Amino acid sequence: MGKIICVFNQKGGVGKTTTVVNLAAALGNLKKKVLVTDVDPQANATSGLGINKEELEHTIYELLISTEDSREFILETSSKNVGILPSTPDLAGLEVELVMLDTRETRLSKVLNYVKDDYDFILVDCPPSLGQLSINALVAADSVLIPIQCEYYALEGVSQLIATLELIKTGLNPSLEIEGVLLSMFDGRNNLALEVVEEVKKYFKDKVFKSIIPRNIRVAEAPSYGLSVIEYDEKSKGAQAYTKLAKEVVRNNKR
Ligand code: ATP
Ligand code: MG
């Protein structure tokens, strides 16, 4: 049965989407079957994996309303062994609609149940907010992967994040675990970045992934070609770091 990992941090621009796209591609490269589920109305994971969001026939929007079988909605991506349930900007409206529907928090869970057995890993890309879409992702997930950017305000908002996870655990999803905390956009030339790494390790202890993602221009360029950095430049530092992370995730899930 596939493991559902929700990539979440309510803080914007910390590397959630970049991690979903490139971890998915790196896992696919290791011959794992991966499904990316994009529940962010910005649809950056969708376009980053080579899908033209203007030309979509079906999207996760319809699925979350109908909670029907999701298999027909899955598209192939530019990365091998990686499929996607694509998002669209319309999904923003669903935040409001969901509030009025019953079973509003468990809709993504129902949708992913149809396909869970077909994949090794399902990675969910969340918007930078704590609305209904993120809650659906956290309720559907087995674990949460938290990217933290190596910059000055890194730990700002982390206590709110932890409080949110505790709330979800005491109510809607008691078995939710922390998959790991990922240090992203690390710049070794910057002393501050080193301090942030130490601070995050002090706070999260053994929950921090050993793999650290460096700031790397190839990682930033790849989405404009609709490619993961693994496909765009496999030899780049960014691709190597995400491959290392993928191996770590696989290892941690062998037990
Ligand atoms: P949002 O909260 O808006 O969804 P996010 O958390 O998904 O943002 P990303 O979109 O993944 O964050 O990253 C923010 C920006 O930083 C993007 O422009 C991305 O290309 C860039 N970026 C992320 N990781 C790296 C990296 N390792 N090296 C260089 N640039 C990066
Ligand atoms: Mg994003």
- Note on the structure: Checked pairs for the range 224-253, first loosely packed, with under 15 Cβ neighbours inside 10 Å, second part of a helix (DSSP H, G or I), C-beta under 8 Å and 6 or more apart or across chains, list as 225/232
- Task: Within the range 45-52, identify whether any single residue is in contact with a Lys or Arg (Cβ under 8 Å, 6 or more places away or on another chain) and assigned to a helix (DSSP H, G or I), and answer yes or no.
- Result: yes
- residue 57 passes all but one of the listed conditions (1) surrounded by fewer than 23 Cβ atoms within 10 Å (Cβ to Cβ); (2) in a helix (DSSP H, G or I); the exception is number (2)
- In the range 10-51, residue farthest from ligand 1 (Cβ to nearest atom) [restricted to those that are over 14 Å from the mean Cα position of the chain (by Cα) and within 12 Å of residue 84 (Cβ to Cβ)]: 28
- Residue pairs within 9 Å by beta carbon, gap of at least six or interchain, first lying in the range 118-134 and charged (D, E, K, R), second open to solvent by 30 Å² or more (accessible area, probe 1.4 Å) and modelled with pLDDT under 95, listed first then second, are 118/71
- Item | Hits in the range 1-44 (condition: closer than 16 Å to residue 246 by Cβ and assigned to a helix (DSSP H, G or I)) | 18, 19, 20, 21, 22, 23, 24, 25, 26, 27, 28, 29
- Message: I'd like to know if the range 193-212 contains one or more residues that are of a type in the set (S, T, N, Q) and open to solvent by 30 Å² or more (accessible area, probe 1.4 Å).
- Response: no
- Starting from residues that are assigned to a strand (DSSP E or B) and within 16 Å of ligand 2 (Cβ to nearest atom), keep the ones in the range 156-195 and report whichever is nearest to residue 252 (Cα to Cα). 182
- Message: I need the full set of residues from the range 6-34 which are away from ligand 2 (no atom under 11 Å from the Cβ) and buried (at least 24 other Cβ atoms within 10 Å of the Cβ), in order please.
- Response: 6, 22, 23, 24, 25, 26, 27, 28, 34
- Identity of the residue in the range 39-52, farther than 25 Å from residue 150 by Cβ and of a type outside the set (A, V, I, L, M), that ends up least open to solvent (accessible area, probe 1.4 Å): 46
- Query: Looking at the range 65-80, is at least one residue within 12 Å of ligand 2 (Cβ to nearest atom), surrounded by fewer than 16 Cβ atoms within 10 Å (Cβ to Cβ) and outside any helix (DSSP H, G or I)?
  - Reply: no
- Task: Report yes if some residue within the range 42-56 is among the charged types (D, E, K, R), more than 16 Å from ligand 2 (Cβ to nearest atom) and at pLDDT below 95; otherwise report no.
- Result: yes
- Query: Is it fair to say residue 141 is touching a residue at least 40 places away in the same chain (Cβ under 8 Å), over 18 Å from residue 23 (Cβ atoms) and surrounded by 22 or more Cβ atoms within 10 Å (Cβ to Cβ)?
  - Reply: no
- Meets criteria (modelled with pLDDT under 95 and under 17 Å from the mean Cα position of the chain (by Cα)) for residue 3: no
- Query: So is residue 63 away from ligand 1 (no atom under 16 Å from the Cβ) and touching a Lys or Arg at 6+ places or on another chain (Cβ under 9 Å) or not?
  - Reply: yes
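The values are calculated or read from the model by the stated rules, or taken from the named source; none is laboratory data. It should be emphasised that the depicted structure is a prediction, and the values quoted were computed from it without experimental measurement. A quick note on method: Cβ atoms are made from the backbone with ideal geometry, for glycine too, and the neighbour counts reach across all protein chains shown. The area values use the complete protein model at the heavy-atom level, side chains included, leaving out ligands, DNA and RNA. Shrake-Rupley method; radii C 1.70, N 1.55, O 1.52, S 1.80 Å.
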